[in-house]
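For reference, the structure discussed in these notes is given below.
The values are calculated or read from the model by the stated rules, or taken from the named source; none is laboratory data. Because the structure is a prediction, the values reported are computed rather than measured. No Cβ is skipped: glycine too gets one built from the backbone with ideal geometry, and neighbour counts run over all protein chains shown.
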Amino acid sequence: MPPQASSRPEFTYKSPDELRFDPTNPRFGGAGRHKSQPEIQTILEQEPHFARELVDSFLENGFIDYEPLVVRKEEDHFVVVEGNRRLAAVRHILAHRTQYEGTSTRIDDLLEIPVLVFPPASGQQGQKEQRVYLGVRHLFGFREWPAESKAQFLDTNIHTKADLERTMRELNIKKNEIRRYLVPYRLRKEVKALWEPYKNQDFWVLGEGLSRTGIKEYIQLDVDSDSLKLESFNEKKLKNLLHFIYGIPEDGKLINRLIRETRDISLLSRVLQLKRATSAIEKGRPLEEAALFLESREESINRLSRLVKDLTLLLKGVLAKTHSENRTILSKFNAFEQAVKQFIKDAKKSRV
């Protein structure tokens, strides 16, 4: 039997007064929970959402019909599933109408705006339709959420093995891709106090780190493969890891971070797989210094040879031999240079 018309999304127009922000929307990264509608309006107007950036476009063009808000019916109003930022921009214009009337003739167009109405999500099919719509559109579609919002969406919808398999099937994504978002998000939820100094830091850096074998092994992370729920981890090691990635909290600032770019994450993973190198960064040594322990003896000798050549060129090019102090420096360096060259020569002979 074909579905009844009422079970399908319906395109129509609604007054902004009939619409409500969704406090649980993943775009907010959890910041909208337990907030009033005016408070969410303020959140959306501020960083990182900047809803007011859309104001000029609405004043110039009105609300374009082919980009409707997506809403679901709840009692006597409609909750915005997709488009909270655009609704905030419209409400801002209407609340400051006198300010904009002199520059736009499109304000009346905003008194009723296009919406795609999903039926109440109480039924299993309705929940699936909304879940798939959001997942396809925002997880890996053309209007992607930030990494943290993707993670929150997945965390809300995946609790069991069946949930995980359903999500993989509905959204056509692999378990490893889901894991990259879900595991760091759940780990962060487990250690809220530990994460507090880093709440404004890039969530995805931690996600990238936890995809590396050496880092997972370092914090002794154990995850249930069926549901991606956390089984166990070493909180002390996790604290160290956050220091390595984001820096050490001190007087409201983060200092001595080891990760500056993506390739540093791979290097950190390798360092954490060697005891001596790990000990070095735990004692506060730079990542590059700890990485020296990863080199073979031959690689270290070659590095030393290149370093001495570069230093020789630098000193002889900068220091004037006529200056007595410079002559002393050059004399001592020449002795050092000869000693290093002899060391390298002996080291190469010992390998033969």
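Looking at Leu187, is it in contact with a strand residue (DSSP E or B) (Cβ under 7 Å, 6 or more places away or on another chain) and not assigned by TED's automatic domain parsing to the domain that holds Gly284? Outline the logic, then answer.
On the way: in contact with a strand residue (DSSP E or B) (Cβ under 7 Å, 6 or more places away or on another chain): yes; not assigned by TED's automatic domain parsing to the domain that holds Gly284: yes.
When the stated conditions are applied, Leu187 passes them.
Quick check: anything in the stretch 138-159 surrounded by 14 or more Cβ atoms within 10 Å (Cβ to Cβ), over 22 Å from the mean Cα position of the chain (by Cα) and at pLDDT 90 or above?
no
Output the residue which, of all residues in the stretch 264-301 that are among the polar types (S, T, N, Q) and over 29 Å from the mean Cα position of the chain (by Cα), is nearest to Ile344 (Cα to Cα).
Residues of the stretch 264-301 that are among the polar types (S, T, N, Q), as a first pass: 266, 269, 273, 278-279, 296, 300.
Narrowing the set further to residues that are over 29 Å from the mean Cα position of the chain (by Cα) leaves 296, 300.
Working: Ser296: 14, Ser300: 10 Å.
If we take residues in the stretch 264-301 being among the polar types (S, T, N, Q) and over 29 Å from the mean Cα position of the chain (by Cα), then Ser300 is nearest to Ile344 (Cα to Cα).
Of all residues being in contact with an Asp or Glu (Cβ under 8 Å, 6 or more places away or on another chain) and not aliphatic (A, V, I, L, M) in the stretch 217-239, which is surrounded by the most Cβ atoms within 10 Å (Cβ to Cβ)? Just the residue, please. Reasoning before the result, please.
Taking the stretch 217-239 as the starting set, the residues that turn out to be in contact with an Asp or Glu (Cβ under 8 Å, 6 or more places away or on another chain) are 222-224, 227, 230-233.
Now drop any that are not not aliphatic (A, V, I, L, M), which leaves 222, 224, 227, 231-233.
Details: Asp222: 11, Asp224: 11, Ser227: 16, Glu231: 9, Ser232: 10, Phe233: 19.
The residue in question is Phe233.
Could you count how many residues in the stretch 160-188 are out of contact with any helix residue (DSSP H, G or I) (no Cβ under 8 Å at 6 or more places or on another chain), among the charged types (D, E, K, R) and at pLDDT 90 or above?
Residues that pass the stated criteria total 3.
Of everything in the stretch 1-23 that's part of a strand (DSSP E or B) and farther than 16 Å from Asp109 by Cβ, which residue is modelled with the lowest pLDDT?
We begin by selecting, within the stretch 1-23, every residue part of a strand (DSSP E or B); these are 10-14, 19-20.
In the following step, the residues that additionally are farther than 16 Å from Asp109 by Cβ were identified as 10-11, 20.
Details: Glu10: 85, Phe11: 88, Arg20: 94.
Going through the qualifying residues, I end up with Glu10.
Do we have Leu194 as surrounded by fewer than 19 Cβ atoms within 10 Å (Cβ to Cβ) and under 29 Å from Lys275 (Cβ atoms) here? Give the derivation first.
Working: surrounded by fewer than 19 Cβ atoms within 10 Å (Cβ to Cβ): yes; under 29 Å from Lys275 (Cβ atoms): yes.
Yes, satisfied.
So, Ser104, is that one more than 30 Å from Pro184 (Cα to Cα) and at pLDDT below 85 or not?
Details: more than 30 Å from Pro184 (Cα to Cα): yes; at pLDDT below 85: yes.
So Ser104 passes the test.
Out of everything in the stretch 40-96 that is closer than 17 Å to Ile107 by Cβ and in contact (Cβ under 8 Å) with a residue 60 or more places away in the chain, what residue ends up being surrounded by the fewest Cβ atoms within 10 Å (Cβ to Cβ)?
Looking at the filtered set, the residue picked out is Leu94.
How about the stretch 197-213: which of its residues are crowded, with 19+ Cβ neighbours inside 10 Å and without any contact (Cβ under 8 Å) to a residue 24 or more places away in the chain?
Scanning the stretch 197-213 gives no hits.
Among helices (runs of 4 or more DSSP H) lying entirely in the stretch 245-352, which contain 3 or more residues that are modelled with pLDDT of 85 or more, surrounded by 10 or more Cβ atoms within 10 Å (Cβ to Cβ) and aliphatic (A, V, I, L, M)?
Details: elements: 262-271, 275-282, 287-291, 297-318, 324-351.
By residue number, 262-271, 275-282, 287-291.
Among the residues of the stretch 217-250, what is the count of those that are closer than 14 Å to Thr278 by Cβ and charged (D, E, K, R)?
Summing the residues that are closer than 14 Å to Thr278 by Cβ and charged (D, E, K, R) in the stretch 217-250 gives 3.
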